[in-house]
Amino acid sequence: MESTKAQTSNPLPRSRPKPVPRPRPLSAFVTTLGTAILLATLFTAWTPNSLFASNLQEQLRLILTPQPGVNAALTTPQPQLQIGIVAGHNGNDSGTVCTDENAQVTLTEADLNLKIAMLVRDSLAAQGFRVDLLNEFDTRLNGYRAVALVSIHNDSCEYVNDQATGFKVAASMETRDVNRAQRLTACLTDRYGHSTGLTFHAGSITGDMREYHAFSEIDPNTITAIIETGFMYLDREILTKETGRVAEGVTQGILCFINNESVLPTISPTFAP
């Protein structure tokens, strides 16, 4: 009994179980991994200049906002360049009128200008440009702003002489950037001549072309030119039956200017009064 009592009054201390480590929640791991990926993305996607730019918060917001497509948040859409094409005489008068031996109207300059202008518009629009097709005295010409504006015309239906063939190009005399205006003229002259095979008829460029009314109506920062794509008597074949080549020449001239392509400068001709 004594030994039993002693054992009862002095019990042996019990050993405590070792603590079992608690697993970390999965969410903490995901958060840590997500932060690492985000930081890696930020340092990989941005240059040092952009990293410390004032719009860092906006860039971060784009990164964290779901966007359609891959890397859409890092892609800045490029604005469309605007180009103006004037269909000469349209909306105002017929321009030069070609008639046959029975005094029947067979072709008007306004109709031909419009056909060429529409083809140029469609070609440029298909390449991603925003193109305005304008009438001769279009109200939109007042203060019109674009990277370039080209007015399309044609010359006489009457026989003048055997040299009355070819095309003419003239730039605005009122532009604020003469060098760029001369470049547009050079591009149109070079590309149109190569596309059509027609010669540059510099001798018949008149003061009326250089002082074309639209030149003083548009914004002076808009670079502009007028082109007469041919004589409607000796050049009627290519103008009416190969209009696509004619329009392509104008289009390529505009693209040459916009894309800053290599071209030789055009010598300013002496023009008739």
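Considering only protein heavy atoms and a probe of 1.4 Å, how much of the accessible area of region 109-151 is carbon and sulfur, as a whole percent?
Of all accessible area on region 109-151, carbon and sulfur atoms account for 51 percent.
For a label point 7 Å from the Cα of GLU158 along Cα→C-beta, name the residues of region 89-116 whose backbone N is under 19 Å from it.
Hits in region 89-116 for GLU158 at 19 Å: 94-110.
What net charge do the residues around VAL263 carry, taking every other residue with its C-beta under 13 Å from that of VAL263, with Lys and Arg at +1 and Asp and Glu at -1?
Residues close to VAL263 contribute a combined charge of +1.
Give, in whole angstrom and from largest to smallest, the semi-axes √(5λ) of the equivalent ellipsoid of region 171-264, with λ running over the eigenvalues of the Cα gyration tensor.
Whole-Å semi-axes of the equivalent ellipsoid: 23, 16, 11.
Can you work out the base-10 log of I(q)/I(0) for region 69-184 at q = 0.16, 0.17, 0.18, 0.19 1/Å, using the Debye formula on its C-alpha atoms alone?
Relative scattering, expressed as log10 I(q)/I(0), comes to -0.90, -0.98, -1.06, -1.13.
The values are calculated or read from the model by the stated rules, or taken from the named source; none is laboratory data. A quick note: this is a predicted structure, and the numbers were derived from the prediction, not measured. Using ideal geometry, Cβ is built from the backbone for each residue, glycine included, and neighbour counts are taken over all protein chains shown. Remember, those area values only see protein heavy atoms, side chains included, never the ligands or the DNA or RNA. Shrake-Rupley method; radii C 1.70, N 1.55, O 1.52, S 1.80 Å.
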